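Notes follow the structure.
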Amino acid sequence: MAHDGERNTLGPGLRLLGRAIREQPRIFSIAAVGGCLFGLLTVGGAIVIGQVVGRVVVPAINQHRVAPGALGLGVAALLGVSVLRVAAIFARRLGAGAMQYRLQADYRRRVTSRYLELPPAWHRGNATGTLLSNANSDVEALFFPIAPMPFAVGTTVMLLGAVVALLAADWTFALVGLAVFPGLYAVNLAYSRRMSPRIARAQALRAQTSAMAHESFDGALVVKTMGREQEETDRFGVQAGELRDAMIGVGRLRGVFEPMLDMLPSLGTLAVLVVGVVRLRQGAVEVGDVVFASFLFTVLAVPVRTIGFVLTELPRSVVGWERVRTVLTATGEMPYGPVPTGAPGPAALRLRGVGYSYLPGAPVLTDVSFDVPAGRTVALVGATGSGKSTVASLAVRLVDPDCGSVELDGTDVRELSAPALAASVALVPQIPFLFDDTVRGNVALDRPDVDDAGLRGALRRAQADGFVDRLPGGPDTMVGERGTTLSGGQRQRITLARALAGSPRLLVLDDATSAVDPRVEAAILSGLRRAGCSILVVAYRRATIALADEVVYLERGRVIARGPHTVLLDTVEGYSNLVRAYEKHDSELAAEQDHDLSDEPTEVELDTTRVSV
């Protein structure tokens, strides 16, 4: 298997270079022309140096004087070649750099755009660290050979010119070149074939290490509170050690082949000197020819290496492309329809015979049907795992049902355009997420329609204006990564304000006020009833449920009962038991909190008394 991968690296790699050239033909042309000019000027520079030595230096040594005209002409020729080489280097490097960075930026945008198009179900099957690696290091690896490629093209032209120039000088010099140049190519080819599986393994381990590091950062609180720092360090150490060993393997292979690549041009220079001395004694060549040939082999060492650079990076490029292509060709996107936003005002939500499963043969929802009338509030109640969050995801079209339909104002949400859906519905998730930005930035999200008045109104309806005003910078206070400077309830309220700032016609709250004080939660929900939108709220607190116009009770993914809270409490045993269990838990938790608070002044008072005594 590894042998097949090695054998196929060159072909796919060259096709990837062809793809890059087709996508940036103009910039590549500039870089390639610069590279070709540099290659030809390198050969020309060697010819000029040989001529200067043969026609200026040698006569000056023999005659003990320098001819001013010949010296001036030689200096002018050397300066002219040098200036042209500088211009060629500038064009080559500028074009190569611009081409590489443009392609990397373009493909990073393609990958991230594809991430946005693919549904949450696809993202659940791919680790976050792997996705970060796809958009960053894999894209970078994909186009890494672009930088030396124009130089390699110019070097190829240079080698052809060098063979012609050596043949013109003496056929023995050309034979040395024809022996060295294929040798360089053979070593490079063997190098790239052996490097391919090592680079593939290193790329895969880099993604795994990135995924584990991201997981460790996200789970830092759990690791610290459970005292698992050493175990997590050891776990990451094993993964990092595997990556280290893989990279060392890559380095060892380079350590074997790169000296060989450096050695061959040097051997060519030595061979030219030996042959040149013999031919010089035979009178077949002049001193300038020997100087030209030996100097040419000396300056060929670095340019010829660029071909090796390209061939060496091709395996890494192919591996990067395979990993990027898995994202670009991934299926499962949810296309939007052409229907624009409906009439203004609260929207009506309807689920009809909805079924959904995350895994084949394991349905989460079965034949779920209920309505959220326009302007009304419906509470979704059920035990853990009953499918409440899945219903919330379906309502805002984070996922599509396997069967049945989800309708907004009588239109299947799959027929709505993306702007229409975004303007009509908003989800406040169970776990709030805040960007490392200000309160204003988190609520407004750069939406042009959210001005200061809209910001203040959203914060007020979310019962967040009070604590926001007490922050050091008010709405312009930085909240830290994931809102670490705020409490859980404060984060939930800012997340709610973010949803309200867009004036949604349907607001879906997935247990979005669980960290908020019950009195604040009641104030929030009471205010939302006057916000001019329909509300679907996943709830478990009795006070929250009682504010709803209707309750939908789920058990194991099925709608068991619908109706007012008081009716279900008296007629549905499972619902009654669940609500009372939630109520008992909240009462016990509140009692514990009250007990803790009542203890605090006593401890402080006792401490103060002891200090006073």
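The values are calculated or read from the model by the stated rules, or taken from the named source; none is laboratory data. Given the structure is predicted, the values throughout are model-derived calculations rather than measurements. Note that each Cβ is placed from the backbone with ideal geometry, even for glycine, and that neighbours are counted across all protein chains shown.
General remarks:
- Residue match in the range 225-244 (condition: in contact with a Leu (Cβ under 7 Å, 6 or more places away or on another chain), farther than 30 Å from residue 74 by Cα and in a helix (DSSP H, G or I)): yes
- Verdict on residue 3 being modelled with pLDDT under 80 and on the phi > 0 side of the Ramachandran plot: no
- Residues of the range 463-484 that turn out to be surrounded by 15 or more Cβ atoms within 10 Å (Cβ to Cβ), touching a Lys or Arg at 6+ places or on another chain (Cβ under 7 Å) and either assigned to a helix (DSSP H, G or I) or of a type in the set (Ser, Thr, Tyr) (or both), as a count: 3
- Where helices (runs of 4 or more DSSP H) fall entirely within the range 21-128, those with at least 1 residues that are in contact (Cβ under 8 Å) with a residue 12 or more places away in the chain and of a type in the set (Gly, Ala, Ser) are at 25-52, 68-117, 120-124.
- Qualifying residue in the range 324-344 (condition: modelled with pLDDT of 75 or more, surrounded by 14 or more Cβ atoms within 10 Å (Cβ to Cβ) and farther than 30 Å from residue 422 by Cα): no
- Inter-residue pairs, beta-carbon under 7 Å, first at pLDDT below 75 and in the range 184-196, second not in a helix (DSSP H, G or I), 6+ apart: 192/9; 193/9; 196/9
- Restricting the range 357-388 to residues that are small (Gly, Ala, Ser) and closer than 20 Å to residue 332 by Cβ, the residue that is surrounded by the fewest Cβ atoms within 10 Å (Cβ to Cβ): 361
- In the set (1) among the small types (Gly, Ala, Ser); (2) free of Cβ contacts under 8 Å to residues at least 60 places away in the same chain; (3) under 30 Å from residue 156 (Cα atoms), residue 357 fails one condition alone, (3).
- Inspection of the range 435-452 finds a residue satisfying the criterion of being among the small types (Gly, Ala, Ser), closer than 16 Å to residue 502 by Cβ and surrounded by fewer than 21 Cβ atoms within 10 Å (Cβ to Cβ).
- Restricting the first member to the range 494-512 and to residues that are within 15 Å of residue 379 (Cβ to Cβ) and part of a loop (DSSP other than H, G, I, E, B), and the second to residues that are among the basic types (Lys, Arg) and at pLDDT 85 or above, the beta-carbon pairs closer than 9 Å and six or more apart or on different chains are 511/388.
- Here 144, 151 are screened, and the one residue that is modelled with pLDDT of 80 or more, crowded, with 16+ Cβ neighbours inside 10 Å and over 23 Å from residue 205 (Cβ atoms) is 151.
- Members of the range 368-406 that are among the charged types (D, E, K, R) and at pLDDT 90 or above: 371
- Within the range 430-445, the set of residues being touching a helix residue (DSSP H, G or I) at 6+ places or on another chain (Cβ under 6 Å), over 18 Å from residue 507 (Cβ atoms) and outside any strand (DSSP E or B) comprises 434, 435, 436, 439, 440.
- Taken together, the residues in the range 38-73 that are more than 60 Å from the chain's Cα centre (by Cα), of a type in the set (Gly, Ala, Ser) and closer than 28 Å to residue 161 by Cα amount to 1.
- Flag for residue 414 being farther than 21 Å from residue 549 by Cα and either at pLDDT below 85 or in a strand (DSSP E or B) (or both): no
- Residue that is nearest to residue 425 (Cα to Cα), among those in the range 386-411 that are assigned to a loop (DSSP other than H, G, I, E, B) and under 32 Å from the mean Cα position of the chain (by Cα): 396
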